[in-house]
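K.L.:
Got a structure for you, written out below as structure tokens; questions coming shortly.
A short reminder: the numbers here are calculations on the coordinates, not readings from a lab. Just so it is clear, the structure is predicted and the values come from calculations on it, not from any experiment. Cβ coordinates were reconstructed from backbone atoms using ideal geometry, including for glycine residues, and neighbour counts include every protein chain displayed.
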Amino acid sequence: MRIVFLRHAPVEKRYEKCFNGWSDIGIEKIDEKVASDLKNRLSKYRFDNIYSSDLKRCKDTLRFLGLNDFKEMKEFREIRFKSFCEGRTFEDIQKNVEIPKEAFLSLENWMEFATDESLGEFLERIKRGLKRVKGREVLICTHKGVIEAALKIYTNQEFFSRKISYLDIIEINTLLIKN
């Protein structure tokens with residue numbers, strides 16, 4: 001199976017640089033040239049199915065691209081942040097909460113501090129979603145953390161070892177991966 005991940009479009013300006021997790025927020029208007037280029041890049045694929053996180057920013061991205069026939073999947077939501085992090089910038093969090101030094105020592109420690117899901121729980125949720133995906137070639141419009149998790153699951157790539165920008169396309173051919 002070829003899975004083509006598409007990171008959603010940039011979020012509304014007021015939510016930039018925030019831990020947006022499960023916040024159901026919209027996207028900025030996509031420049032017509034950027035949209036045209038993205039549609040052209042996606043046109044080389046023949047998707048059997050298209051999937052999306054059930055959050056607005058992913059669904060709006062697909063709709064803007066004219067891809068209206070997709071299946072919403074809650075499993076492909078971003079990580080769920082704790083209430084003191086959700087929708088806030090790192091600077092806001094620092095002003096309001098004392099961040100323990102241990103939180104910066106590992107991804108697991110950071111997630112224990114900032115999220116309502118452990119790294120293991122997050123990975124398991126993404127695996128459950130991926131098991132429900134059907135087709136030889138599929139598109140999944142989702143969030144940076146979900147794409148990072150899929151790369152970890154399929155290729156053992158470490159989190160944050162690759163820059164994933166808004167509207168980036170990341171392709172994984174699961175037939176080439178040994179389990």
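K.L.:
What value, in deg cm²/dmol to 500, does the helix sum -39500 (n - 2.57) over DSSP H runs of n ≥ 4 give at 222 nm once divided by the residues of the chain?
P.N.:
-10000 deg cm²/dmol
K.L.:
Against the longest principal axis of the chain, how steep is helix 144-155, in degrees 0 to 90 to the nearest 10, with axes from Cα atoms?
P.N.:
70
K.L.:
Output the antiparallel fraction of DSSP beta bridges having both residues in the chain, as a percent to the nearest 5.
P.N.:
Antiparallel bridges: around 35 percent, rounded to the nearest 5.
K.L.:
Please compare each pair in Lys56/Lys144; Lys131/Lys163; Lys95/Lys163; Lys39/Lys144; Lys74/Lys152; Lys13/Lys95 to a cut-off of 23 Å on the Cα-Cα distance and tell me which ones are over it.
P.N.:
Lys131/Lys163; Lys95/Lys163
K.L.:
A further question on this structure: For mean projected area of the Cα convex hull in nm², the listed values are (1) 13.4; (2) 10.3; (3) 16.9; which was obtained by calculation from the structure presented?
P.N.:
Step by step, mean projected area of the Cα convex hull in nm² for this structure corresponds to label (2).
K.L.:
While we're here: For a quick check, take a GNM of the chain with Cα springs below 10 Å and name the residue from Gly120, Gly145, Gly129 with the largest mean-square fluctuation.
P.N.:
Gly120
K.L.:
In segment 52-106, which GluC sites (Glu not before Pro) fall in coil by DSSP and have 10 or fewer other Cβ atoms within 10 Å?
P.N.:
Within segment 52-106, the qualifying GluC sites (Glu not before Pro) (loop, at most 10 other Cβ atoms within 10 Å) are Glu98.
K.L.:
List the relative contact order of segment 45-115 as a percent without decimals, with contacts defined as Cα pairs under 8 Å and 6+ residues apart.
P.N.:
Answer for segment 45-115 is 26 percent.
K.L.:
So for the chain, averaging the separation of alpha carbon pairs under 8 Å that are six or more residues apart and normalising by length, what relative contact order in percent results?
P.N.:
38
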